[in-house]
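Reading through the structure tokens given below for one structure.
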2 protein chains.
Amino acid sequence: MSAIEETLERIQKQPGVEAYVILNNEGEILRRMPSMSQEVAEQYANKVKDLVKKAANATRDLNPEDKLKNLRIRTKTKEMLVSFATDSVVIIIQSWSHYMG
Amino acid sequence: MSAIEETLERIQKQPGVEAYVILNNEGEILRRMPSMSQEVAEQYANKVKDLVKKAANATRDLNPEDKLKNLRIRTKTKEMLVSFATDSVVIIIQSWSHYMG
């Protein structure tokens, strides 16, 4: 099993993790959690892609030396963790209440 | 000292906190940390205001029942914590390395 497979396996087993979506730097879906439909994955991809662009630009505008590392979007029911590898964006969606438990 | 003053006093004393800015729901600055210039506060206010709108819309579009609670924007050097009271938005800026220490 490749290092990526192992990482994804580990992510899926974390308590509260509902789904993950991995995008390339153009925002196209590379992988999604098997239990997540392509349609829902695309909805998350589109929303997060815009948000990441806006956050990256804001970071650079506030300080050209700085760079966006990750984003946490906490809502009433979920938390979206968005982090960046060199050539991909990893979105992990976890239920928030469980996360707090 | 009012409850708000006490809270702001406590925030300022947290290790790593560099600044805070409090906006009303229109994105206008209500308060800023005394050591932060009005100009820098306005830069943060404008960037965060846009980001919050985008994140709130994304949250609602993904699930109309859901609602944005807070945002964490971590960059190479800082972390911006954006949380929401009924009629205001609180932005806390802290140095990230110290936060991790």
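The values are calculated or read from the model by the stated rules, or taken from the named source; none is laboratory data. As the structure is a prediction and not an experimental result, all values here were calculated from the model. Please note: Cβ atoms are built from the backbone with ideal geometry, for glycine as well, and neighbour counts cover all protein chains shown.
Which residues, counting only those in segment B:63-76, are under 17 Å from residue B:88 (Cα atoms) and more than 7 Å from chain A (Cβ to nearest Cβ)?
Matches in segment B:63-76: none.
Looking only at segment A:81-90, count how many residues are at pLDDT below 95 and buried (at least 20 other Cβ atoms within 10 Å of the Cβ).
Qualifying residue count, segment A:81-90: 1.
If I go through segment A:63-72 residue by residue, how many of them are crowded, with 16+ Cβ neighbours inside 10 Å and of a type in the set (Lys, Arg)?
2
Would segment A:54-62 turn up any residue that is more than 8 Å from every other protein chain (Cβ to nearest Cβ), part of a strand (DSSP E or B) and loosely packed, with under 15 Cβ neighbours inside 10 Å? Give the steps one after another, and end with the answer.
Looking only at segment A:54-62, we keep the residues that are more than 8 Å from every other protein chain (Cβ to nearest Cβ), and these are A:56-57, A:60.
Subset that is part of a strand (DSSP E or B): none.
No; the residues of segment A:54-62 include none that is more than 8 Å from every other protein chain (Cβ to nearest Cβ), part of a strand (DSSP E or B) and loosely packed, with under 15 Cβ neighbours inside 10 Å.
Taking residue A:56 and the conditions (1) without any contact (Cβ under 8 Å) to a residue 40 or more places away in the chain; (2) over 16 Å from the mean Cα position of the chain (by Cα), which numbered condition does it fall short on, given that it satisfies the others?
(2)
If you scan segment B:17-27, which residues turn out to be under 14 Å from residue B:84 (Cα atoms) and not aromatic (Phe, Trp, Tyr)? I'd like the intermediate steps shown before the answer.
Taking segment B:17-27 and keeping what is under 14 Å from residue B:84 (Cα atoms), we get B:20-27.
Correct list: B:21, B:22, B:23, B:24, B:25, B:26, B:27.
Tell me, please, whether a residue that is under 22 Å from residue B:59 (Cα atoms), more than 11 Å from the chain's Cα centre (by Cα) and charged (D, E, K, R) can be found in segment A:1-22.
Yes.
Given the residues A:62, A:71, which is the only one that is modelled with pLDDT of 95 or more, of a type in the set (A, V, I, L, M, F, W, C) and in contact with a helix residue (DSSP H, G or I) (Cβ under 9 Å, 6 or more places away or on another chain)?
Values: A:62 fails: modelled with pLDDT of 95 or more.
The unique qualifying residue is A:71.
Would you please name the residue that is nearest to residue A:46 (Cα to Cα), looking only at residues in segment B:27-53 that are polar (S, T, N, Q) and more than 7 Å from chain A (Cβ to nearest Cβ)?
Looking only at segment B:27-53, we keep the residues that are polar (S, T, N, Q), and these are B:35, B:37-38, B:43, B:46.
Remaining after also requiring more than 7 Å from chain A (Cβ to nearest Cβ): B:35, B:37-38, B:46.
Working: B:35: 39, B:37: 36, B:38: 35, B:46: 23 Å.
Restricting to residues being polar (S, T, N, Q) and more than 7 Å from chain A (Cβ to nearest Cβ), the top hit is B:46.
Can you pull out every residue in segment A:1-18 that is in contact with a Ser or Thr (Cβ under 7 Å, 6 or more places away or on another chain) and not acidic (Asp, Glu)? If you could, list the steps in order and put the result at the bottom.
Of all residues in segment A:1-18, those in contact with a Ser or Thr (Cβ under 7 Å, 6 or more places away or on another chain) come to A:16, A:18.
Result: A:16, single match.
Just the residues that are exposed (fewer than 10 other Cβ atoms within 10 Å of the Cβ) and without any contact (Cβ under 8 Å) to a residue 12 or more places away in the chain, please, taken from segment B:20-37.
The initial filter retains those residues of segment B:20-37 that are exposed (fewer than 10 other Cβ atoms within 10 Å of the Cβ), namely B:26, B:34-35.
B:26, B:34, listed by residue number.
Provide a single number: the residues in segment B:5-40 that are farther than 19 Å from residue B:70 by Cα and in a helix (DSSP H, G or I).
9
Which numbered condition in (1) within 11 Å of chain B (Cβ to nearest Cβ); (2) assigned to a helix (DSSP H, G or I); (3) of a type in the set (Ser, Thr, Tyr) is the only one that residue A:83 fails?
Evaluating residue A:83 over (1) within 11 Å of chain B (Cβ to nearest Cβ); (2) assigned to a helix (DSSP H, G or I); (3) of a type in the set (Ser, Thr, Tyr) leaves (2) as the failure.
Answer with yes or no whether residue B:75 is buried (at least 19 other Cβ atoms within 10 Å of the Cβ), over 15 Å from the mean Cα position of the chain (by Cα) and not acidic (Asp, Glu). Let's see the steps before the verdict.
Values: buried (at least 19 other Cβ atoms within 10 Å of the Cβ): yes; over 15 Å from the mean Cα position of the chain (by Cα): no; not acidic (Asp, Glu): yes.
Answer is no for this residue.
Given the options B:48, B:17, name the one that is farther than 22 Å from residue A:52 by Cα, among the β-branched types (Val, Ile, Thr) and surrounded by 15 or more Cβ atoms within 10 Å (Cβ to Cβ). Talk me through it step by step, then tell me what you get.
Details: B:48 fails: farther than 22 Å from residue A:52 by Cα.
When all the criteria are applied, what remains is B:17.
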